[in-house]
Every structure is written in C-alpha cells, then in structure tokens.
Amino acid sequence: MAVKKTQPNIDTIVSLAKRRGFIFPSSEIYGGYGAIYDYGPYGVELENAVKREWWKEMVQERQDIVGLDSSIFMHPQIWKASGHVDGFADPLAECKKCNTRLRVDHLLEDIDVFADEKMTEDEINKIFNEHKAKIKCPSCGASDFSDAKKFSLLVKSNLGNFTDNWSKEPAYLRGETCQGIYVNFKNVVDSTRVKIPFGIAQIGKTFRNEIAGRQYVFRTREFEQMEMQYFTHPDKEMEEYEKLRKTRWDYYIKRLGLKEENLKWHQHENLVFYAKDAYDIEYNFPFGFKELEGVHARGNYDLTQHTKFSGVDLSYNDQKTGEKYLPHIIESSVGVGRTVLALLTDAYTEEELEGGGTRVVMKFKPTLAPIKAAVFPLLKNKPDLVAKAKDIFTELSKHFMCEFDDNGNVGKRYRRQDEIGTPYCITVDFDSLEDDTVTVRDRDTMKQERVKVGELFDFLSKRVL
Ligand code: ATP
C-alpha cells in the first residue's frame, strides 16, 4: 500500500471538511459571514474530543489544577486593567492596487522583520516604510501600500445600555478567557484547598475583530480557547515554566498523536515589557508553520494590574512560611479551531490500494475520532441481519459514538467511514446469526478479524477510550 506523505493543501482540507460534515462556512445560504465557521456533525465530535482530552490532561489527571467556567461578559474595567482597551490592536494597511487589507506585522514577519504588538502607529510605520519596497501583496503581487493604521480587536456590545449614554464604557465580548481566571484567583484560593503552585484551567468562547480573516478556522472572529494559568512563587516561575513547556510538547505528540516533524518551537524575539519568556508551539499547517499554542511566562503583571484597578489585594498568604506575595503566572493558551485544523491536516492520508484505485483516510488517533465504530448489516433487505446490527448499535452507542449504516455495498460504506476517520467497522453477516461473532475491520491496516459480540465492548474500550 503506497502512502502519499506530503501535507495536504488547504483546499483539500476545506473541501473534505465541508463534504463530510466537519466544518461549514457560517450563514452559508446568506453568502457566508466573514471569518466565522460552523462545526457540523463530525466537527462537533472532533471539537468535543479535543476539549475532553485537554481537560483530562489539564484538570482530571492533575492534583494541582482546577477548572473554571467564567462568563463571556465581564466588568468593562477588566479590559482597561488588562491593557486591551488601549493596546489590543492590529496594524493594518491596504494594498493600493487590489484594496486587500493586510496585517502589517504579518507582512513584515514574512521577510523576517519583527514588530512588537505594543508599538505605536508611528513606530510601526517607520519600520514599514523602511521595508515596504521588498514586500509584495499576497493577493495581487503589487508593492504599493497605504500607511499602517491600528484597529482594536475588542468586540463591543450594548449590554445593559438602556440609555443613549454612549460615553459609558461599553461591555466587551471577552477577547481572551484568561482574564476570567485572573479575576477569580482569590475566589478559588478562598473556596478550595489549592496551594501555590497551582493552576486554573478553562475552555470558552472568545471574540476578536480580526481583520485579516482569510485563513479558514486558523483565524476566526469567534473561537474557543483552552487556557491554563499556573500561579507560582516568584522564585519558581522559570522552573515551572520549563516543566510546562515539556508537558505541552508531549501532549501534542502522545495525547493528540500529532507527528513530531510537524511541530516546532518558536521563541518570541520581542517580549512585552512584563514577560520573562514566551514561546509558541507551531504546527505545519497547509500554509506553513504557524502558532498553534502560546506558552508564556508573564511575571506578576496580571495580578498587579487587577489589584491596582479593583482595589482588592490579590496577594497570596503562604500559611506555612508566613510569606505574602503576588504570585507569578505561567500560561498555556491554545484554540480549539486551530487544534482541529492541525488534526485534520495531520490525519489526512491518501493511499494507493493494491487492487488499484486510491482511498482517502483520516488517521485520527482513535481516542479523538468523531465516530468510534460503525455498525453494518451485510445486506439491507435481510431483517435478521438488520435486527442484530441494530441491537449491537444500541448496546455500543451507550458507551461510544457509533453510526449505523445499511446503505450501498460494504466497500462503499468502508470508504465513507475512512473519510471521517472511524477506526472500526463492524459487519453483521450470515455467520453472525449462527455463531454470534462479527467482522471487525481496522481503518488503518484494513485487516478484518472475527470478534464475539459479547466481547465488542472490551475490544473497543481498550482501543478508543
Ligand atoms: P496570532 O499571533 O496568530 O494572532 P495570538 O498570539 O494573538 O495569535 P493569543 O492571544 O496568544 O494568540 O491566543 C492564544 C491562542 O488562541 C493562539 O495560540 C491560538 O491557538 C488561539 N487563537 C488566537 N486568535 C485566534 C483566532 N482569531 N482564531 C482562532 N484561534 C485563535
């Protein structure tokens, strides 16, 4: 069996994801809605699997990390304290020939020039003007750009605004989930038995007014983040940071099963003033290596800011040593959508078959596969086969996501399950009626074996949970 190893291109992924019910453009019958996507029947299963695995890794299997679900709307002062109201903005320029709006920091990055996100418009324009001549518009190839202008990424709402008093600070839809963690730090310390070092993890929706949103689910205006903030003693920050970096790298390879050659570290060159160190884990997306996750050492900036703006002292009292201090924070932050795109890219495989022809198979790690097992009666018009297959489906689907399919020949049904990455297909045939065994076909090897119906639960549990 010859396997095609190259990374799929983005059109291949987009088309498979749409055709097979993973990801749809939002509001499609209305012509779509910029940089927003919907997850279809298999997409939502994949997302749920990603969130489940992340939660297991971060919360369930750790004694020192607890979960949280803070709200999307928060006090507007939080976004002042965090620096988002004044500083969370991307520099944009327009191509004068085709009018495409482009992120100037990304254009510069492509020619290995790095701009700090905290730079003012004037500072960015100074660098941009020096290098403009070398930069080509990715859409039309021209090299004629307007000046850069900064646009806020925060999404405003009119929540609670029952007057025409627009001078009031608007309620924002959160631009990151971690602010909800920082402002609940004291609540968690006061209400649970956590002791430093400890972490708080949360998964939730985030909104950003992204301007250059043409990278599929890599960059969307509404997305889910999975963030873990770990609170340490100031002297232990960097030691804990190195531990976190290692666990996050291992997570992608061991727990998500991504190929190691598709991952790499990227250390930030221009650190924001409070950061001690910042790395991204990059994945080899169809458009090249780009940030999948950020792992950052943030010092005590966040708790300092919220202490200052709220007037509530957020320092930690160490009962054992009597020491009182503002904890330092290290964080891991990753998007669900970017993880799903990495998984789709990594799993995509084209294989030439021995008898001729090719098959497309999504080789997800079985624990992540949207559907764990598909159950088929060999023939649709044999009531005994159908009834037995339905019984098996009813039993297994109490424990695993399963699908029942009696449509077309079995070969076609295998191909369909291959394309959505189902690790096992179970076929009920005439022998099954005699000896209570079924054929279980393995997605990757395509080998078939007979398994007793009573042993199917154990067989699957060992392999897909
Ligand atoms: P980028 O530089 O690509 O804009 P970022 O550095 O602003 O990303 P963070 O603010 O550190 O990203 O957010 C943490 C994680 O959230 C990112 O690593 C990414 O996985 C995810 N993420 C950020 N912005 C988006 C987005 N617009 N769409 C989807 N996922 C996103």
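The values are calculated or read from the model by the stated rules, or taken from the named source; none is laboratory data. Because the structure is a prediction, the values reported are computed rather than measured. In this analysis, Cβ positions are derived from the backbone assuming ideal geometry, glycine residues included, and neighbour counts consider all displayed protein chains.
Just a few scattered comments:
- Some residue of segment 144-153 being within 28 Å of the chain's Cα centre (by Cα), within 23 Å of Q229 (Cβ to Cβ) and touching a residue at least 12 places away in the same chain (Cβ under 8 Å): yes
- Any hit, segment 302-323, residues being within 14 Å of the ligand (Cβ to nearest atom), assigned by TED's automatic domain parsing to the domain that holds F218 and buried (at least 17 other Cβ atoms within 10 Å of the Cβ): yes
- Enumeration of residues in segment 386-426 that are over 30 Å from the mean Cα position of the chain (by Cα) and closer than 21 Å to T367 by Cα: I392, F393, T394, E395, I426
- Residues located in segment 186-231, provided they are of a type in the set (S, T, N, Q) and within 19 Å of the chain's Cα centre (by Cα): Q202, T206, N209, Q215, T220, Q225, Q229
- Wholly within segment 167-251, helices (runs of 4 or more DSSP H) carrying at least 3 residues that are closer than 18 Å to Y325 by Cα and modelled with pLDDT of 95 or more: 185-191, 237-250
- Whichever residue in segment 16-67 is more than 27 Å from E210 (Cα to Cα) and not in a helix (DSSP H, G or I) and, among such residues, is nearest to the chain's Cα centre (by Cα): G67
- Test for T345: is it of a type in the set (V, I, T) and either touching a helix residue (DSSP H, G or I) at 6+ places or on another chain (Cβ under 8 Å) or within 16 Å of the ligand (Cβ to nearest atom) (or both): yes
- Residue selection: R208 satisfies the criterion of being without any contact (Cβ under 8 Å) to a residue 60 or more places away in the chain and within 12 Å of the ligand (Cβ to nearest atom).
- Segment 237-254 residues that are touching a residue at least 12 places away in the same chain (Cβ under 8 Å), paired with ones that are of a type in the set (G, A, S) and crowded, with 18+ Cβ neighbours inside 10 Å (beta carbon under 7 Å, 6 or more apart): E237/A297; M238/A297; Y241/A297; L244/S332; R248/S332
- Selection from segment 127-178 of residues that are loosely packed, with under 13 Cβ neighbours inside 10 Å and small (G, A, S): A133, G141, G160, S167
- Among residues of segment 361-401, those that are closer than 27 Å to Y251 by Cβ and not charged (D, E, K, R), counted: 13
- Of all the listed residues (M228, M238), the sole one being more than 10 Å from the ligand (Cβ to nearest atom), buried (at least 21 other Cβ atoms within 10 Å of the Cβ) and not basic (K, R) is M228.
- Boolean, F151 is aromatic (F, W, Y) and either on the phi > 0 side of the Ramachandran plot or out of contact with any helix residue (DSSP H, G or I) (no Cβ under 6 Å at 6 or more places or on another chain) (or both): yes
- Subset of segment 255-282 (residues that are farther than 30 Å from S82 by Cα and free of Cβ contacts under 8 Å to residues at least 12 places away in the same chain): E260
- Set A81, A93, A89, A17: member being surrounded by 14 or more Cβ atoms within 10 Å (Cβ to Cβ) and within 30 Å of K365 (Cβ to Cβ): A17
- Of residues in segment 270-296 being of a type in the set (D, E, K, R) and farther than 17 Å from D112 by Cα, the one nearest to the ligand (Cβ to nearest atom): E293
- Test result for D436, exposed (fewer than 13 other Cβ atoms within 10 Å of the Cβ), at pLDDT 95 or above and outside the structural domain of A17 (by TED's automatic domain parsing): yes
- Qualifying positions in segment 29-69 - surrounded by 21 or more Cβ atoms within 10 Å (Cβ to Cβ) and either touching a Ser or Thr at 6+ places or on another chain (Cβ under 6 Å) or on the phi > 0 side of the Ramachandran plot (or both): A35, Y37, V50
- Scanning segment 72-114 for residues that are charged (D, E, K, R), touching a residue at least 40 places away in the same chain (Cβ under 8 Å) and assigned to a loop (DSSP other than H, G, I, E, B) yields K96, K97.
- Scan of segment 408-452 for residues that are within 22 Å of I23 (Cα to Cα) and either out of contact with any strand residue (DSSP E or B) (no Cβ under 8 Å at 6 or more places or on another chain) or free of Cβ contacts under 8 Å to residues at least 24 places away in the same chain (or both), ordered by number: R416
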